[in-house]
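Notes to accompany the following structure.
Throughout, read-outs are computed from the coordinates displayed, never taken from laboratory work. Worth saying up front: this structure is predicted, and the values here are computed from it rather than measured. Quick reminder, even Gly has a Cβ in these numbers, built from the backbone with ideal geometry, and neighbours come from all protein chains shown.
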Amino acid sequence: MHRNLLKWLLLSAVVALCLSAASYAQLTTYQQQEWLHSPATSSHVGNITGNAHAAAMPYRRYCVGCHGTLGDGNGENAQWISPKPRDFQLAIFKCRSTPTGTLPTDEDLFNSIGRGLDRSNMPSWDALTKQERADLVAWIKHFSPRWQNEKAGTPIQIPAEPEITPDRVKTGQEVFRKMECWKCHGVQGMANGPSSSTLTDDLGRPISPFNFTDGSRPLCGSTDQDIYKIFMTGLDGTPMPSFADNIKPEEAWDLVFYLRSLQPHNAYNAKEREIAKQLGLKPVNPNAPAQ
Amino acid sequence: MKHQRNRGWAAILATLVLVGLGSLTISHKASAAAEGKITGTVKLDGTAPHMKGIEMSKDPVCDKAHANNPAHSENVVVGKGGGLENVVLYISEGLSASELNAKPTQVPIFDQKGCMYTPHVLAMDVGQEFKVETSDPTAHNIHPEPNPLTGNIPWNQSQPPGAAPVVKSWKTPEMIHVKCNIHPWMSGWFAVVKGPYATTDENGSYTIQNVPPGNYTVTAWQETYGTQTQKVTVAAGAAATANFAFKAK
């Protein structure tokens, strides 16, 4: 009787030891070998090199509540949040300088962390040092195997911004009409186009188009270049497509000027608004025949 | 002594490998001359489910295109005699590496017409280029939704009236749903497979061409009913038959 018991005890002890040893081994190889020290899990922003292993603690402190320990966007706060936190495993990002269907550059991710995403629960993290933000970029990249298998896309070329003229604002409006931006954004940019109410993101969750008129800040930055990038790269994971194949670079600037004129007065659009006022621009007519 | 024995084994092994490789290339050459095919029909067992009509009044251009022929959802399209249209058939087992890696040069076309996708399901090989075109005088966005972790990366491109075709290809086999966010009723598929494939016509008939003699598993995929498989043997220059029937739900 005693012997049997002893045997069982011994056996279970051995099994327990083996299991814990195995899981420990898995954890260490997983974290240290595979991920943290592979070249794909560093980041390069300007002359700063970010290291994933330096970001493990900051991530747990600042990001894990929403983005989750696995980086899948299922942190404990995620259920209360809309739009939902990014899923770093899928590595589909809205704000990129790279073409639709490609990974963003390290700098794109770095900028999103520093800027935050307006109209979402993602705040600006510019209180963190640049080094800390670069480390977090490296950590974010370790969540998805895509960074091992793919290279970041090549940033799109943005020609120098031309001088704004009334003709350019008019051409911009023509682009807005021809590209049918109004189908979602509405003829006055009020986010009330005929398709606006049925839009969903890639995970089937309702999403609204950008309203140019209510003073919202553009999602991926407020400069003219930032707005240019949005429609020439698309916001991947959302209904906003890339127009890179259909809008010529010079016309793209015209569209930026026109979009600026729709916004209420801000730090960037005094000229645009003035010109639109002088031209007496009326909202585009969706029933005009397509040319 | 030991050395000699080892050498003997090495020699025998080398000969075996050489003979094996030789016979492989010879048999492959012989088969290329007398390729067979796999043919058959796919039917729906039971009453075809009701396909909802599509309301397109949000876009007058789309609405006008269907003034005389109302559009219906195309999840299950049943023809006369119960033939199931838009079923993709491909060889899921039995192809040699070279047959798997052969890429067709033809470029299939996925058109947007009357704010519907034509064809509703576009089958293609891994790495095969395909074209997305638009015949519509209204803007679309083409938004395929593969799982990015498979290696196929989702993208989203606009296609206003008169825009040039979008030419793309996919990296790995996957059934990829395609949508247009502007017209939420638009729903189509890119069926990406490896090796020869076919799609059923309005009678549910199909033929997979250029299949070398051999034993294969054929898979039939339908977007609503999933997959079915069947084993077939293709003889040189002959047609093997594989008929499928999906149960109506």
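Let me know the mean shielding of B:160-168 by other chains, meaning the per-residue number of their Cβ atoms within 10 Å of its Cβ. Show your work: numbers first, answer last.
Values: counts 11, 5, 4, 4, 2, 1, 1, 0, 1.
Shielding by partners across B:160-168 averages 3.
How much FRET efficiency would the formula 1/(1 + (r/R0)^6) give for B:A236 and A:E250, where r is the Cβ-Cβ distance and R0 is 56 Å, rounded to 0.05? Don't skip to the answer; put the middle values down first.
Values: r = 61 Å, r/R0 = 1.09.
Between B:A236 and A:E250 the formula returns 0.40.
Can you give the longest run of chain A that contains no trypsin sites (Lys or Arg not before Pro) sitting in a DSSP loop with at most 16 other Cβ atoms inside 10 Å?
Numbers: sites that count: A:R119, A:K151.
Excluding the exposed sites themselves, the longest stretch runs over A:152-291.
Can you work out the FRET efficiency for the pair A:N266 and B:T227, with r the C-beta to C-beta distance and R0 = 51 Å, to the nearest 0.05? Before the final figure, lay out the partial values.
Details: r = 54 Å, r/R0 = 1.07.
FRET efficiency, A:N266 to B:T227: 0.40.
For A:R177, what charge total do you get from the other residues with a beta carbon under 14 Å from its beta carbon, if Lys and Arg give +1 and Asp and Glu give -1?
Working: positive: A:K170, A:K178, A:K183, A:K282; negative: A:E174, A:E180, A:E251, A:D254.
Computed value for this residue: 0.
Each label point is 7 Å from the Cα along the Cα-to-Cβ direction; what then is the distance between the points at B:E55 and A:T49, in nm?
That separation, rounded to one decimal, is 6.1 nm.
How big is the charge dipole of the protein assembly as shown about its Cα centre, in debye rounded to the nearest 20, if each Lys and Arg gets +1 on its Cβ and each Asp and Glu gets -1 on its Cβ? If you can, show how the numbers build up before the last one.
Values: 49 positive and 48 negative charges, 298 e Å.
Dipole magnitude for the protein assembly as shown comes out near 1420 debye.
Can you compute the FRET efficiency between A:Q131 and A:Q79 using 1/(1 + (r/R0)^6), with r the Cβ-Cβ distance and R0 = 41 Å? Round to the nearest 0.05.
Values: r = 33 Å, r/R0 = 0.79.
Step by step, r from the Cβ atoms, then E = 0.80.
Just tell me which aspartates and glutamates come within less than 20 Å, Cα to Cα, of B:K231; anything on the same chain fewer than 8 places away is out.
B:E35, B:E93, B:E99
Evaluate the charge dipole of chain A about its Cα centre and quote only its size in Debye, nearest 20, assuming +1 on the Cβ of each Lys and Arg and -1 on the Cβ of each Asp and Glu.
Details: 29 positive and 29 negative charges, 142 e Å.
Magnitude of the dipole: close to 680 debye.
With a ≥ b ≥ c the root eigenvalues of the C-alpha gyration tensor of the protein assembly as shown, is it rounded (a/c under 1.5), prolate (a/b larger than b/c) or oblate? Intermediate values should be presented prior to the final figure.
On the way: a/c = 1.99, a/b = 1.23, b/c = 1.62.
Here the protein assembly as shown falls in the oblate category.
Highest mean first, what order results for B:90-100, B:135-145 on Cβ atoms within 10 Å? Working shown, then result.
Numbers: B:90-100: 16.4, B:135-145: 21.6.
Packing proxy ranking, top to bottom: B:135-145, B:90-100.
Taking +1 at the Cβ of each Lys and Arg and -1 at the Cβ of each Asp and Glu, which of B:Y90, A:W8, B:T233 sits farthest along the dipole of the protein assembly as shown towards its positive end, judged by Cα position relative to the Cα centre?
Farthest towards the positive pole: A:W8.
If you take the charge dipole of the protein assembly as shown about its Cα centre, with +1 on Lys and Arg Cβ and -1 on Asp and Glu Cβ, which of B:Y206, A:G114, A:C95 is farthest toward its positive end?
Value: B:Y206.
At a 10 angstrom cut-off on C-beta neighbours, averaged per residue, how do the peptides B:209-216, B:232-239 rank from highest to lowest?
Values: B:209-216: 18.4, B:232-239: 14.9.
Most protected by this proxy first, the peptides run B:209-216, B:232-239.
Taking GluC sites (Glu not before Pro) as exposed when DSSP calls them loop (any state but H, G, I, E, B) and at most 15 other Cβ atoms lie within 10 Å, what is the longest stretch of chain A free of them, the sites themselves excluded? Intermediate results must be reported in sequence, preceding the final value.
Numbers: sites that count: A:E76, A:E163.
The reported range is A:164-291.
Classify chain A as rounded, prolate or oblate from the Cα gyration tensor: take a ≥ b ≥ c as the square roots of its eigenvalues, call it rounded if a/c is under 1.5, otherwise prolate when a/b beats b/c and oblate if not.
Working: a/c = 3.06, a/b = 2.43, b/c = 1.26.
Prolate, because a/c is 1.5 or more and a/b exceeds b/c.
Filter the cross-link list B:K43/B:K179; B:K103/B:K131; A:K141/B:K168; A:K84/B:K249; A:K130/A:K271; A:K151/A:K183 down to pairs whose alpha-carbon distance in this structure exceeds 24 Å. The partial results should precede the final answer.
On the way: B:K43/B:K179 27 Å; B:K103/B:K131 16 Å; A:K141/B:K168 26 Å; A:K84/B:K249 34 Å; A:K130/A:K271 34 Å; A:K151/A:K183 34 Å.
As for pairs spanning more than 24 Å Cα to Cα, those are B:K43/B:K179; A:K141/B:K168; A:K84/B:K249; A:K130/A:K271; A:K151/A:K183.
For a quick check: sort B:M124, B:M51 by the number of other beta carbons within 10 angstrom, fewest at the front.
Details: B:M124 23, B:M51 14.
Fewest-to-most ranking of B:M124, B:M51: B:M51, B:M124.
Using a/c under 1.5 as the rounded threshold, could you call the stretch A:39-149 rounded, prolate or oblate? The axes a ≥ b ≥ c are square roots of the C-alpha gyration tensor eigenvalues, and prolate needs a/b larger than b/c, oblate otherwise.
On the way: a/c = 1.33, a/b = 1.21, b/c = 1.10.
Rounded.
So what's the projected area for the stretch B:35-247, the Cα convex hull averaged over all directions, in nm²?
Numbers: hull surface 48.0 nm².
Answer in nm², one decimal: 12.0.
What number do you get for the stretch A:171-291 when its Cα radius of gyration is normalised by 2.2 N^0.38 Å, N = residues? Before the final figure, lay out the partial values.
Numbers: Rg = 13.8 Å, N = 121, 2.2 N^0.38 = 13.6 Å.
My calculation over the Cα atoms of the stretch A:171-291 gives 1.01.
Would you tally the net charge around A:A56, using a Cβ to Cβ cut-off of less than 13 Å, leaving A:A56 out, and scoring K and R as +1, D and E as -1? Show your work: numbers first, answer last.
Values: positive: A:R60, A:R61; negative: A:E132, A:D135.
Here the count lands on 0.
Testing the spin-label approximation: label points 7 Å from Cα along Cα→Cβ at A:L11 and B:N210. State their distance in nm.
Once both label points are built, they end up 6.0 nm from each other.
Return the distance in nm (one decimal) between the two label points of a simple spin-label model at A:N285 and B:T47, each offset 7 Å from Cα along Cα→Cβ.
5.1 nm
Less than 9 Å Cβ to Cβ from B:E202, Lys/Arg counted +1 and Asp/Glu -1: what total charge do the surrounding residues give?
Details: positive: B:K80; negative: B:E85, B:D201.
Counting the neighbours of B:E202, the net charge comes to -1.
If the chain between A:N4 and A:E174 were fully stretched, how many nm would it gain, using 0.36 nm times the residue separation less the Cα-Cα distance?
Working: separation 170, 0.36 × 170 = 61.20 nm, distance 8.77 nm.
Gain on stretching A:N4 to A:E174: 52.4 nm.
Which aspartates and glutamates, if any, have their Cα less than 18 Å from the Cα of A:K248, not counting same-chain residues under 8 positions apart?
Excluding near neighbours in sequence, the set is A:E161, A:E163, A:D167, A:E174, A:E180, A:D224, A:D226.
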